[in-house]
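Beneath this line is the structure, given in C-alpha cells, with notes to follow.
Please treat every number below as a calculation from the coordinates, not as lab data. Predicted model, so just to flag it, every value in this text is computed and none were measured. All Cβ positions, glycine included, derive from the backbone under ideal geometry; neighbour counts span all protein chains shown.
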Amino acid sequence: MKDTTITENILYIGADDKDLDLFESQYVIPNGVSYNSYVILDEKVAVMDTVDARRREEWLANLDKALDGRAVDYLVVSHMEPDHAANIQVLAEKYPEMKVVGNAKTFPMLGQFFSIDLSNRSVVVKEGDTLSLGSHELTFVMAPMVHWPEVMVSYEKSEKILFSADGFGKFGALDAEEDWACEARRYYFNIVGKYGAQVQALLKKAANLDIAVICPLHGPILKENLAYYIEKYDIWSSYRPEDEGVLVAYASIHGNTKQAAIKMKEILEAKGAKKVAITDLSRDDMAEAIEDAFRYDKMVLAAATYDGGMFPCMEDFLHHLKSKNFQKRTVALMENGSWAPMAAKNMKGILEQMKEIVLCDKVVSIKSVMKEADIAEMEVLAEELLAK
Ligand code: FEO
C-alpha cells in the first residue's frame, strides 16, 4: 500500500495515471505520471493544488479520507496548468467557505479556465507573504516561468518542506522503479528547459531556505540527499553539460545515412569518446533525443538532404532544441545527398541562431552511400570534434 504520510500532519492525496497515452499530448510516459497533491492538517486545513481531471474521483476520495470529516479552509494554487488545477471549481463548490490562495497572475487565469466567481474568496499573495494554519506557516515564493507565469512555490517552515510546483518533478508513476535523474532530466528539458534563467532565480531564493523535504507536483517526494537533486537542477538550468559524451542524432531515409551515423559512433568510441549515444530521429523518442543533446557536451548531426533542405525529422529536432534554448555545445555535421547535398548548410543555418554553439570546421558530405573515402573524412571529423 502506498505510504501517504509525508509528516504526521502533511499527507499525500495525489494520484497516479498509468493509462494516459501522451503527457501534454506530446510526451510518451512508459511508466505513467503522478499528479501530486497534498493536505496540511492543522487548526486550519490547506490543500496544496488539485490534480488532473482524469483522476478527480480518486483524488476526492483520498482527500475525504485524509480530512476525516473536516472541511478545507484553503486551497493553495501553485500552478494553473490543468494537470494540477483541473479540480479547483469542484473543490470550491464542495467547500463554499474555502478560500483560494494564489498570486496576482493566478486569478485572471483562473477566471479563464473556470466560470465560478471567487472574488470574495480569493487570497492574493506576493513574494514573502505568509499564511498561518496554526503550528504550520506557509511562505510564498514567486517562481514565474517555472513553468508558467503564475507559478509560485510554498515553504512550510516548521517541518522545512518546500512545495516546489513542477520543479523537481519527473515522469513516472510513484511506484515506478526507475532512476530519478533519467526521467527527471527528460521532463526538465522538454517542459521547463527554455526557462533556465528563471529556474536559476528560483534556486537562488531556495538557497536561503532550510529545506528537509521537497514535495513536487509530479514524481517522488524527495526526503534524502537533497543536494544531489539541487545540483542536477543547477547544472541543467545553467545549460552546462552534465556528462562528457557525444550524441549522434541521425535522420535517414533509406538507411544509408543511418549506416554512416553508426560508423561515426564506432569511430568516436575507437578514438576514446567517453560515452556515445545514438538516436534515430525518425523512430526514437524525440523527447529523449532532446534530453541527450542537453546531457552531453558534444553532438554529431547526420542528415539526408530532402526537398533542397534536410530530412524533416532533423529539422523538427533542431527546432525543438532552439525553442528549448539549446546552447554551449560543440557540434559536428554530416550530410548525405544523391545530387545536391544541402542538409549541412541548412543545419548550420539553424545552429547559428543558437547561443555559443561551436561548429567543427570539417563537414562530411556523402553521396548516396558511405565509401572508404567518407570513412577517412569521418575519422578527421571525429578527431576535430573530440579535440574541441
Ligand atoms: Fe505539471 Fe506545468 O504542469
- Using a Gaussian network model of the chain with C-alpha springs under 10 Å, which one of Lys322, Lys271, Lys99 is most mobile by mean-square fluctuation? Lys271
- Query: Which whole-percent values make up P(r) of the stretch 316-388 when all C-alpha to C-alpha distances are grouped in 10 Å steps starting at zero?
  - Reply: 19, 46, 31, 5
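Using the Cα centre as the reference, give the magnitude of the dipole from point charges on the C-beta atoms of the chain (Lys, Arg: +1; Asp, Glu: -1; all else neutral), rounded to the nearest 20 debye. Provide the component values of the computation, followed by the final result.
Details: 44 positive and 62 negative charges, 218 e Å.
Dipole size: approximately 1040 debye.
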- Treat each spin label as a single point 7 Å out from the Cα along the C-beta direction, and report the Glu372 to Thr5 distance in nm. 7.3 nm
- Task: Post the alpha-carbon centroid distance, the stretch 145-202 to the stretch 338-388, in whole angstrom.
- Result: 36 Å
- Amide H to amide H under 5 Å from Val45: which residues, 5+ apart in sequence or cross-chain, H placed 1.01 Å off N in plane? Asp73, Tyr74
- Task: Let me know the whole percent of all Cα-Cα pairs from the stretch 1-100 that are separated by more than 19 Å.
- Result: 40 percent
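Ratio of the chain's C-alpha Rg to 2.2 N^0.38 Å, to two decimals?
Values: Rg = 24.0 Å, N = 388, 2.2 N^0.38 = 21.2 Å.
So the chain has a normalised radius of gyration of 1.13.
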- Item | Point-to-point label distance, Thr130-Lys18, nm (Cα→Cβ direction, 7 Å offset) | 4.3 nm
- Could you give the spread of the C-alpha atoms of the stretch 208-341 along their three principal axes, from largest to smallest, in whole angstroms? 63, 32, 23
- Among Cys182, Cys360, which comes first, second and so on when ranked by fewest other beta-carbon atoms within 10 Å? Cys182, Cys360
- Query: At q = 0.14, 0.18 Å⁻¹, what is the log10 ratio I(q)/I(0) for the stretch 163-284, with the Debye formula run over Cα points and no solvent?
  - Reply: -0.74, -0.99
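Please state, as a whole number in µm²/s, the translational diffusion coefficient that the Stokes-Einstein equation yields for the stretch 99-248 at 25 °C and 0.890 mPa s, with Rh defined as the Kirkwood radius across alpha carbon pairs.
Working: Rh = 16.6 Å.
My calculation gives 148 µm²/s for D.
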- When the Cα centres of the stretch 207-269 and the stretch 279-303 are compared, how far apart do they sit, in Å? 11 Å
- Task: Per DSSP H run of at least 4 residues, take -39500 (n - 2.57); add these up for the chain, divide by its residues and hand me the 222 nm value, nearest 500 deg cm²/dmol.
- Result: -9500 deg cm²/dmol
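Which of the pairs Lys194/Lys322; Lys105/Lys126; Lys99/Lys157 have their Cα atoms more than 18 Å apart in this structure? It would help to have the intermediate numbers written out before the result.
Numbers: Lys194/Lys322 9 Å; Lys105/Lys126 10 Å; Lys99/Lys157 21 Å.
Where the Cα-Cα span goes over 18 Å, the pairs concerned are Lys99/Lys157.
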- Query: What Kirkwood radius, in Å to one decimal, follows from the Cα pairs of the stretch 229-272?
  - Reply: 12.7 Å
- Mean projected area in nm² (Cα convex hull; one quarter of hull surface) for the stretch 26-180: 9.6 nm²
- Note on the structure: Distribution output for the stretch 146-222: share of Cα-Cα pairs per 10 Å bin in percent, first bin at 0, values 19, 50, 29, 2
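List the chymotrypsin sites (Phe, Trp or Tyr not before Pro) within the stretch 255-358 that DSSP assigns to loop and that have no more than 12 neighbouring Cβ atoms inside 10 Å.
Values: sites: Phe294, Tyr296, Tyr306, Phe317, Phe326, Trp339; in loops: Phe326, Trp339.
Loop-located and lightly packed - Trp339.
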- Rg (one decimal) and Dmax (whole number) from the Cα set of the stretch 256-321, in Å, equal 12.2, 36
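How would you rank Ser25, Ser365, Ser158, Ser135, going from fewest to most other Cβ atoms within 10 Å of each one's own Cβ? Intermediate results must be reported in sequence, preceding the final value.
Details: Ser25 7, Ser365 17, Ser158 13, Ser135 10.
By the 10 Å Cβ count, ascending, the order reads Ser25, Ser135, Ser158, Ser365.
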- Over the chain, calculate the relative contact order: mean separation of alpha carbon pairs under 8 Å at least 6 apart, over the residue count, as a percent. 11 percent
- Message: Can you tell me which of Gln353, Gln198, Gln112 moves the most in a GNM of the chain? Springs connect C-alpha atoms under 10 Å apart.
- Response: Gln112
